[in-house]
Amino acid sequence: MRRFLSLLLIVMAIFTTANAQNNRSKWANDMYEAKHQMIIEELQLTPTQQKQFMPLYEQMEREIYQTNNEARALAASVEKKKNPTDRDYETAAGALSNARVREGEIEAKYYEKFSKILTKKQLFLLKQTETKFTRKMLSKGGRKQGK
């Protein structure tokens with residue numbers, strides 16, 4: 001699951017970097033809105049749950065994005081060096097690996113908060129919906145590239 005989310009965030013980062021700032025913001029916003037709408041629908045969140053849950057979920061997404069962005073920035077700085085040292089590679093590889101660990105820690109922290117808002121079934125469906133959304137976006141991207 002974390003790999004799917006990481007991949008989705010990486011794909012989003014690649015596409016957003018390739019486009020102009022306005023297009024980048026619009027595309028990222030559209031992706032997040034679509035994901036959030038899917039979560040609201042699939043979990044059948046009540047208006048009260050939406051008001052409590054969605055800001056927390058968005059905060060979790062920002063923390064995960066920041067964690068991955070920092071690791072990618074470190075890796076990019078090593079790639080730009082003319083003669084990176086083994087220490088440079090080790091530091092970047094460690095940061096990339098640790099980003100996944102940190103994602104898990106962030107998710108666990110927010111799971112506790114989510115469990116005070118969502119039912120047990122909704123908590124389960126959340127993970128299912130995130131996976132479903134990621135697969136949907138990856139399959140759409142693959143079809144666009146194939147055309």
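Scanning segment 126-142 for residues that are buried (at least 18 other Cβ atoms within 10 Å of the Cβ) and closer than 13 Å to Ile39 by Cβ returns Leu126, Thr129, Glu130, Phe133, Thr134. Selection over segment 5-57 of residues that are at pLDDT below 75 and surrounded by fewer than 16 Cβ atoms within 10 Å (Cβ to Cβ) gives a count of 12. Among residues of segment 71-88 being part of a helix (DSSP H, G or I) and loosely packed, with under 14 Cβ neighbours inside 10 Å, the one that is nearest to the chain's Cα centre (by Cα) is Ala73.
Note on segment 39-60: among residues that are aliphatic (A, V, I, L, M) and in a helix (DSSP H, G or I), the one that is nearest to the chain's Cα centre (by Cα) is Met60. Out of curiosity, is Glu63 surrounded by fewer than 14 Cβ atoms within 10 Å (Cβ to Cβ), under 23 Å from Tyr32 (Cβ atoms) and within 20 Å of the chain's Cα centre (by Cα)? Answer is no for this residue.
The values are calculated or read from the model by the stated rules, or taken from the named source; none is laboratory data. Just so you know, these numbers come straight off a predicted model, no measurement behind them. Positions of Cβ are backbone-derived with ideal geometry, glycine not excepted, and every protein chain shown enters the neighbour counts.
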